[in-house]
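For reference, the structure discussed in these notes is given below.
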Amino acid sequence: MDFKLNLDPDKTQADMYENINYQDFWMGVERQHLDKLEQVLIQQMLKLPARRLVDIGCGFGRLSKIYMNNCQEVVMVDSSLSQLLQAREITGGRCTYIASNATRLPFQPGSFDRALMIRVFHHIPKEAEKNSLNELERILCQNGQLLFTYSNKRNLERIVKWLFGKLPYNPFELSTAAIWEPFSMHHPRYISQALSERGFCNLDLRGSGVMDKIAGRLGKFGNLIPLGVQLAPFFGRSALAPWIFVGCKKKTGTIPAVELAKEFLQCPVCAGGLATSYECPTCNRVFPILDGVIDFRTD
Ligand SMILES: C[S@@+](CC[C@H](N)C(=O)[O-])C[C@H]1O[C@@H](n2cnc3c(N)ncnc32)[C@H](O)[C@@H]1O
Ligand SMILES: [Zn+2]
């Protein structure tokens, strides 16, 4: 079956994965090769065990086997209800499932010691990307780890295309580029500056999206091509790969991981605490539970 995003012009970018079969995206030699590499990179980069991990834009839970048995608590977040229902099935209902936009998360400051956001940042509209970075910083505790990916606007292929006049933007400009509306590309320096402004340090960088393309061209022999685990740090630091994985630590903050609050939800509208129910005592908004998913979407 073909993978197709839900590009209804009346819907927002956050709805693109609603009622589509995202699992189909990962079929075929090239994508399976990429999936294997990404799983290894995340295993290497994500510091486990952890107290409480949030997987933002978790999709159907592709990455859940990496962290499920190494965290005391896992919270899965996505803007798509149908993706979350699949994630709930895959993880056997052992997590907290939250429908929410990454730009306005229903969590109190310092609620997590790990935040994962893989293959999501490029779907955040340009005008909201600062909000989503602010949210990542806000919800992490002191020394909390963030691991996320972005689509690299100045990767080698794009630089070559630009030199031949075949790219509609300059890959060396810091600004976010979007050739196709629901897909933004970021400059490596823009990302490192944005992270450092928000108190993130110790950047650990890896690159993906190179070896899988070679594997894809070789058809059934593609499985003979190495995943590129050893090359990934070079592709990350040189920022020549199409996808960059960034691991970093939040050095600011006052709440250490050992003191994470038991009750960590808050109203995404007024930021009031939600200790005992999913009805906000401050603004009276009620957040429904749909098949085990708490729906905090507000747009
Ligand atoms: C490409 S998929 C990646 C899924 C998963 N992280 C993975 O790597 O397999 C992007 C996911 O992000 C979700 N998403 C897109 N925009 C979002 C937003 N603004 N807030 C929360 N989730 C979002 C989509 O619904 C989709 O499930
Ligand atoms: Zn409220």
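All of the numbers you see were taken from the coordinates with simple rules; none came from a lab. What you are looking at is a predicted structure, and each value in this text was computed from that prediction instead of being measured. Cβ coordinates were reconstructed from backbone atoms using ideal geometry, including for glycine residues, and neighbour counts include every protein chain displayed.
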- Task: Rounded to the nearest 10 degrees, what's the angle between the helix 81-90 long axis and the longest principal axis of the chain, both from Cα atoms, 0 to 90?
- Result: 90 degrees
- Globularity ratio of the range 64-206, using Cα Rg and 2.2 N^0.38 Å: 1.16
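For the chain, what does the equivalent ellipsoid look like in terms of its semi-axes, each the square root of 5 times an eigenvalue of the Cα gyration tensor, given largest first in whole Å? Write down the numbers at each step before the final one.
Details: eigenvalues 192, 89, 79 Å².
They are 31, 21, 20 Å, listed largest first.
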- Note on the structure: Going residue by residue through the range 27-39, the Karplus relation 6.51 cos²θ - 1.76 cosθ + 1.60 with θ = phi - 60° gives ³J(HN,Hα) values, rounded to whole Hz and with x marking Gly or Pro, of 8, x, 4, 4, 5, 5, 4, 5, 4, 4, 4, 4, 4
- Hypothetical label at VAL229: residues of the range 19-48 whose amide nitrogen lies under 17 Å (7 Å Cα-Cβ projection): 32-48
- Note on the structure: Each label sits 7 Å from Cα toward the beta-carbon; between SER196 and ARG237 the label points are separated, in nm, by 1.7 nm
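Among DSSP beta bridges whose residues both lie in the chain, state the antiparallel percentage, nearest 5.
Just about 50 percent of them are antiparallel.
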- Query: Once Lys and Arg get +1 and Asp and Glu get -1 on their Cβ, which of LEU53, LEU37, THR12 lies farthest toward the positive end of the dipole of the range 11-60?
  - Reply: LEU53
- Taking a straight Cα-to-Cα line shorter than 18 Å from LYS249, and setting aside same-chain aspartates and glutamates fewer than 8 residues away, one finds ASP55, ASP113, GLU135, GLU137, GLU197, ASP204, GLU259
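Dividing the convex hull volume of the alpha carbon atoms of the range 1-113 by its residue count, what do you get in Å³ per residue? Write down the numbers at each step before the final one.
Working: hull volume 12.6 nm³, N = 113.
So the per-residue Cα hull volume is 111 Å³.
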- Item | Cα→Cβ-extended label distance, 7 Å offset, between ALA261 and GLU279, nm | 2.1 nm
- What are the residues whose amide H is under 5 Å from the amide H of ALA50, where those residues sit 5 or more places off or on another chain and H is modelled from the backbone? CYS71, GLN72
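Ranked by Cβ crowding within 10 angstrom, fewest neighbours first, how are THR282, THR96 ordered?
Ranking THR282, THR96 by Cβ neighbours within 10 Å, fewest first, gives THR282, THR96.
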- In debye, nearest 20, what is the charge dipole magnitude of the chain about its Cα centre with +1 on Lys and Arg Cβ and -1 on Asp and Glu Cβ, if you could check? 1080 debye
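What pairs in LYS126/LYS220; LYS166/LYS251; LYS47/LYS262; LYS36/LYS262 have C-alpha atoms more than 32 Å from each other? Could the numbers behind the result be given before it?
Working: LYS126/LYS220 39 Å; LYS166/LYS251 41 Å; LYS47/LYS262 21 Å; LYS36/LYS262 35 Å.
In this structure, LYS126/LYS220; LYS166/LYS251; LYS36/LYS262 lie more than 32 Å apart at Cα.
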- Query: Taking the Cα atoms only, what angle lies between the long axis of helix 188-197 and the longest principal axis of the chain, rounded to 10 degrees?
  - Reply: 30 degrees
- Query: Given labels modelled 7 Å from the Cα in the Cβ direction, how far is it in nm from ASP24 to GLU73?
  - Reply: 3.8 nm
